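Student: Here's a structure for you.
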Amino acid sequence: MILLRSIVFLSAALACTAAIADEIDTRHYIYIEAKGTVTAPPDHATVEVSVVKKGQTPQEVVDGNITDTDKLFNALIALGIPEADVQTSNFIFETVYIRAEGANNMYQQDDPDRDTFDGYRVRNSVSIDVKDLPKIGTVLAGIARLGNEIGSVTFLSSRAPAYYAQARDVATANALAKAQAYAASTGVKLGDLLSLREGGGYDTDTMEYAPSEGEADLIIPIVRIAPGTLSFSSSISAKWEVTAAGK
């Protein structure tokens, strides 16, 4: 009986191995990884700004934050930024405590029974889309002069989809050229495309951005900003079946 079971198990294992072997691709192929990159200047930018107010009563901080936020919006409108290009991204009202000496600041939460009450704080965060890019330095200077926190400046392009499409075309052409070169150097013939995978991304490169005409004459001093260029990249991996050159 034991021998019979062993034979049954062995037969099942051999059948499974044969099935797996049938699924293995035994064709010869060339595997290529290639990348295509297209660079272009940005045409707009987003600025993340926080209006922060701290005080001893909820009414004080809320009313103060409303006043400061109105000042920010009015300043942006005066700088030519329409209200439609300003979007609230976050609004936080919180109680502030001074941690007791020796408290674990990394993981432990504020404890009203242990820590010292230090008032209230309101943080109203907005995202500003600066479509007229030469104004970015003036906008940043105006925001900073109001005492508001600038969290980040991100340069973008409205033509990003078109640039990614160009980068994919470049990556595909590079992959095909490399495959053809390897086939020629190894004496084989390039056959059908067996697979193709894609992934992409971009990164910024800092370059000096010249001020627009007349910008240096503005009454409000500007912050020197370098939008640089954007790099739109597409990476692919592909493999082609190969056969002997004479086939």
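Student: Assigning unit charges at the beta carbon (Lys, Arg +1; Asp, Glu -1) and nothing else, what dipole magnitude in debye, to the nearest 20, does the range 44-156 show about its Cα centre? All intermediate terms of the calculation are to be shown ahead of the outcome.
Tutor: Details: 10 positive and 17 negative charges, 76 e Å.
Roughly 360 debye for the range 44-156.
Student: Something else: If Lys and Arg each add +1 and Asp and Glu each add -1, what is the summed charge of the other residues whose beta carbon sits under 12 Å from the beta carbon of residue 73?
Tutor: Once all neighbours under 12 Å are counted, the net charge is -3.
Student: Would you mind counting up the charge near residue 82? Only other residues with Cβ under 11 Å from its Cβ, with Lys and Arg at +1 and Asp and Glu at -1.
Tutor: Taking every other residue near residue 82 into account, the sum is -3.
Student: By how many nm would the segment from residue 145 to residue 77 grow when fully extended, if each residue of separation counts as 0.36 nm and the alpha-carbon distance is taken off? Intermediate values should be presented prior to the final figure.
Tutor: Values: separation 68, 0.36 × 68 = 24.48 nm, distance 1.53 nm.
Gain in length upon complete extension: 22.9 nm.
Student: Follow-up question, since we're still on this one. Which residue, chosen from 86, 45, 122, occupies the Cα position most advanced towards the positive end of the dipole of the range 44-156, where the dipole is computed from +1 (Lys, Arg) and -1 (Asp, Glu) charges on Cβ about the Cα centre?
Tutor: 45
Student: Using the beta-carbon distance between residue 92 and residue 131 and R0 = 30 Å, what value does 1/(1 + (r/R0)^6) give for FRET efficiency, to the nearest 0.05?
Tutor: Working from the Cβ atoms, E equals 0.60.
Student: Continuing with this model, one more query. Once you list every other residue whose beta carbon is under 14 Å from the beta carbon of residue 97, what net charge do they have if Lys and Arg are +1 and Asp and Glu are -1?
Tutor: Overall, the nearby charge balance is -3.
Since every read-out is calculated from the coordinates, none of them should be taken as a lab result. Model, not experiment: these values are computed from the prediction. As a convention, Cβ positions derive from the backbone with ideal geometry for all residues, glycine included, and neighbour counts pool all protein chains shown.
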